[in-house]
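Have a look at the structure below, then the notes.
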Amino acid sequence: KVERATLEQRDFQYLYPDGDSYTFMDNETYEQVALAAEFIGDDQVAYLQDGMNVSIEMHEDNPIGVQLPDTVVAEVVEADAVVKGQTASSSFKPAVLDNGVKILVPPHIGTGTRVVVRTADGTYVERAKD
């Protein structure tokens, strides 16, 4: 016989980084938990923002997984200039976000533009509407 594992999804709020770990607070009990960057995923850590709500999967009060929101809003801090004639085709250009992540954006996106980025794969979704 195999005992069935019960998993629980709980909402946490990201608080702050502390060396190689990141501290989250349970939205119901206000307990804090620190998770290592490797546990969260090195590619996901870059998308953590102050006050961000995440879902942490728990097994017997031990965290086993972290789920970030599907998308985040970030600001483009560096973008290549548009090459003449590039806007006619559906090409993309490299850009760097305020969190240091490099993504590809459409030619009309410039420095200072806020964009929506998919956290799962780091792809551009759209220009932020704020």
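So, in segment 4-49, how many residues would count as being open to solvent by 90 Å² or more (accessible area, probe 1.4 Å) and under 19 Å from the mean Cα position of the chain (by Cα)?
Counting residues in segment 4-49 that are open to solvent by 90 Å² or more (accessible area, probe 1.4 Å) and under 19 Å from the mean Cα position of the chain (by Cα) gives 8.
Considering only residues of segment 56-110 that are closer than 24 Å to residue 43 by Cα, part of a loop (DSSP other than H, G, I, E, B) and open to solvent by 30 Å² or more (accessible area, probe 1.4 Å), which is modelled with the lowest pLDDT?
The residue in question is 80.
The values are calculated or read from the model by the stated rules, or taken from the named source; none is laboratory data. Note that the coordinates shown come from a computational prediction; the quantities given were computed from them, not determined experimentally. We work out accessible area using only protein heavy atoms, side chains counted, and drop any ligands, DNA or RNA first. Shrake-Rupley method; radii C 1.70, N 1.55, O 1.52, S 1.80 Å.
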